[in-house]
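Report on one structure; see the data block that follows.
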Amino acid sequence: MSTDEPSVPIVCDECETETRVPLDDLADALDKHNDQKHGGEAVAEVDPAIKDRLADLVAEDLGLFDEEPAEGA
């Protein structure tokens, strides 16, 4: 893995494991683990703290925090 390539933490609470994989390999690594260990059920996932932070960054980038709430919401 190149030192310039970001890695993403994957956690599996059922297996009690955590690993880091290159961003480019993320989807394949999750699919492979879940297929081999959990019959394809989506048990392993990107670390929830990372998912929440990424969602916040994307929402901020898209200006979703700046919008006024819709009337009646």
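Details
- Pair list, Cβ < 9 Å and 6+ apart or interchain, from the range 30-45 residues that are under 15 Å from Glu18 (Cα atoms) to residues that are in a helix (DSSP H, G or I) and at pLDDT below 95: Glu45/Lys51
- Residue list for the range 43-63, filter: over 12 Å from the mean Cα position of the chain (by Cα) and surrounded by fewer than 12 Cβ atoms within 10 Å (Cβ to Cβ): Leu57, Val58, Glu60, Asp61, Leu62, Gly63
- Within the range 25-42, if we keep just the residues that are within 13 Å of the chain's Cα centre (by Cα) and surrounded by 12 or more Cβ atoms within 10 Å (Cβ to Cβ), the residue that is farthest from Ser7 (Cα to Cα) turns out to be Asp31.
- Residue match in the range 6-20 (condition: of a type in the set (A, V, I, L, M), at pLDDT 95 or above and surrounded by 13 or more Cβ atoms within 10 Å (Cβ to Cβ)): yes
- Total residues in the range 34-62 satisfying the condition of being in a loop (DSSP other than H, G, I, E, B) and either modelled with pLDDT under 90 or within 14 Å of Val8 (Cβ to Cβ) (or both): the figure is 2.
The values are calculated or read from the model by the stated rules, or taken from the named source; none is laboratory data. Everything numeric in this text was worked out from a predicted model, so none of it was measured. Reconstructed Cβ throughout: ideal geometry from the backbone, glycine too, with neighbour counts over all protein chains shown.
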